[in-house]
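Note sheet for the following structure.
What follows is calculated from the coordinates using simple rules that are stated; it is not laboratory data. Keep in mind the model is a prediction, meaning the values are calculated, not measured. When we count neighbours, we look across all protein chains shown, and the Cβ atoms used for this are built from the backbone with ideal geometry, even at glycine.
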Amino acid sequence: MRALRYPLIGTAVLLLVAPVPVRAGNRGIIGGQAVKVADVPWTVALASRERFGPVRSGQFCGGALVSRTTVVTAAHCLSREVLGVEMSEAKDLRVIVGRDDLRGGAGKEIALKDAWVNPAFNPETNGGDVAVLTLAEPVTDKAPIAMAKEGDAAYKPGTEAGVYGWGDMFGNGAYSPTLRGALVYVMEDGMCRQAYPGGPEGVYQPSTMLCAGLPRGGRDACQGDSGGPLVARGRLVGLVSWGSGCAQAGRPGVYTRVSAVAALVWAHSVDPAPGAAPPAAPPPAQPPVAPPVRPPAPSVAPSASPQVAPPAPGAGKRPGRRPRWA
Ligand code: 4AZ
């Protein structure tokens, strides 16, 4: 994307500079420590060996599993600028689940059945940076992560959040072969606006973005982490989207605000949103027709036909699900 000035490959997330006050016991993650994918199983890699080569499994972005068959990522990950070709020409796009080390073959590589890139994504402002990938087969052995909703306390400034990916570790193109994570803090919109009032990198829009980092910098996502998860209070609050460089003081990472796009995500997912009305039950199979056993003719005609089956519970009460790509 025009606004992103670094080649997109690799991983991110590391604290480079001064140690900031950290909670004892958290050091395993803070500052870009290795993270086990088993501990953050909804963290996935987007990969194309054809586009990015076989090293590191062809990883070029991150994503988050939000249901058995639905992955959310950044729209810009699927742009011509990143892929080098139109998405439709990138035939071997895969989602990799359960693989810590991209040099190995652990976990699973899953092909895509569908991909929806937000048509409202604006590469000038970076607004609307979200895409929905539908997996060709469901992930049954990894728990998806819940998307934060509007008003979620996890968006409160100062909230601790973890960001995960295989991107650039130092802002110099050194992409990590193994999954890493850093602890950052949700920042106040005022600070984010001040950092990005409108420039070549993008424009901070609080309704659809959030920013996170440390005031003095040192921990952040970077190239190659795009689309990956920012998680607070156990919920997916953001998707790595953009920023000015990586981990610089006064230049926090900017994330797609998940609560603002969750409805859009579910509208383009084959799985229902948790808590949504289940799809209407199919009509009950007709019972085999048995030869009628004629009761003795009543002396008075019954008032209603006993042959009419009761409606299935809930039938006719709920509208059907929207077609996926409507
Ligand atoms: C990128 O180019 C990118 N420091 C991702 C995250 C950030 C900057 C750039 C935030 O994918």
Net charge, Asp101 excluded, C-beta distance under 15 Å - Lys, Arg +1, Asp, Glu -1: +3
Which of Tyr204, Tyr185, Tyr164 has the fewest other C-beta atoms within 10 Å, and how do the rest follow up to the most? Tyr185, Tyr204, Tyr164
In what sequence, highest mean first, do 267-280, 118-131 appear when ranked by Cβ atoms within 10 angstrom? 118-131, 267-280
Highest-first arrangement of 157-163, 84-90, where packing means the average Cβ count within 10 Å: 157-163, 84-90
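Efficiency by 1/(1 + (r/R0)^6): what FRET value for Arg193 and Ala273, r their Cβ-Cβ distance, R0 = 35 Å, to the nearest 0.05?
That gives a FRET efficiency of 0.70.
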Apply 1/(1 + (r/R0)^6) to the Cβ-Cβ distance of Ala281 and Lys149, taking R0 = 25 Å, and write down the FRET efficiency to the nearest 0.05. 0.35
Extension reserve of the Asp39-Asp141 stretch, reckoned as 0.36 nm per residue once the Cα distance is removed: 35.4 nm
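Compare the peptides 105-116, 215-226 by average per-residue count of other Cβ atoms within 10 angstrom and give them in order, highest first.
Output ranking for 105-116, 215-226: 215-226, 105-116.
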Considering the dipole of the stretch 21-267 built from charges on the beta carbon (Lys and Arg +1, Asp and Glu -1) around the Cα centre, which of Pro215, Ala247, Val40 is farthest to its positive end? Val40
Restricting to aspartates and glutamates and to Cα separations under 18 Å from Lys156, and discarding same-chain partners fewer than 8 apart, the set is Glu188, Asp189
Identify all lysines with a Cα-Cα distance to Lys142 below 26 Å; exclude those on the same chain that are fewer than 8 residues away in sequence. Lys36, Lys91, Lys108, Lys113
Between Lys113 and Arg49, how many nm apart are label points set 7 Å from Cα along the C-beta direction? 2.4 nm
